[in-house]
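The values are calculated or read from the model by the stated rules, or taken from the named source; none is laboratory data. This structure is a prediction, so every number in the text was calculated from the model and none was measured. Here the Cβ positions follow ideal geometry from the backbone for every residue, glycine too, while neighbour counts run over all protein chains shown.
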Amino acid sequence: MAFLYILYSGKLNKYYVGSYINMERRLYEHNIGHSKFTSLGIPWQLVYKEEYATAAEARMRELKVKRMKSRKYIEDLIVKGRASRF
């Protein structure tokens, strides 16, 4: 399994979109400063994820979300994801 994920940093008031196979490990890496880009926003909170059968599918979805270059698009995904849980 692979995941598209969206993290939120309250410190920066920014979202980060990524994809990875081991979601828990990747979130941990973001929160210990493993990535220079995300180290400024610690702590990061997982606010959205989608599950895919392959890493390639998750990566394609990640690129699609990033190409939108829209905070509103990301926030709409998060809201729809919360609504679908109930």
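Which one of Lys72, Lys11, Lys64 is modelled with pLDDT of 95 or more, of a type outside the set (Phe, Trp, Tyr) and not in a helix (DSSP H, G or I)?
Values: Lys72 fails: not in a helix (DSSP H, G or I); Lys64 fails: not in a helix (DSSP H, G or I).
Step by step, each of Lys72, Lys11, Lys64 is checked, and only Lys11 is modelled with pLDDT of 95 or more, of a type outside the set (Phe, Trp, Tyr) and not in a helix (DSSP H, G or I).
Could you identify the single residue in Glu24, Glu50, Glu57 that is in a helix (DSSP H, G or I), in contact (Cβ under 8 Å) with a residue 40 or more places away in the chain and not aliphatic (A, V, I, L, M)?
Glu57
Checking the conditions here, which among Ser35, Ser9, Ser19 is within 10 Å of the chain's Cα centre (by Cα) and of a type in the set (Gly, Ala, Ser)? Walk me through it before giving the result.
Numbers: Ser35 fails: within 10 Å of the chain's Cα centre (by Cα); Ser9 fails: within 10 Å of the chain's Cα centre (by Cα).
None of the other options fit; the residue is Ser19.
Just give me the residues in region 1-44 being loosely packed, with under 12 Cβ neighbours inside 10 Å and among the acidic types (Asp, Glu), in sequence order.
Selection gives Glu24 alone.
If I filter region 37-45 for residues that are outside any strand (DSSP E or B) and touching a Ser or Thr at 6+ places or on another chain (Cβ under 6 Å), do I get at least one hit?
The answer is yes, given that some residue of region 37-45 is outside any strand (DSSP E or B) and touching a Ser or Thr at 6+ places or on another chain (Cβ under 6 Å).
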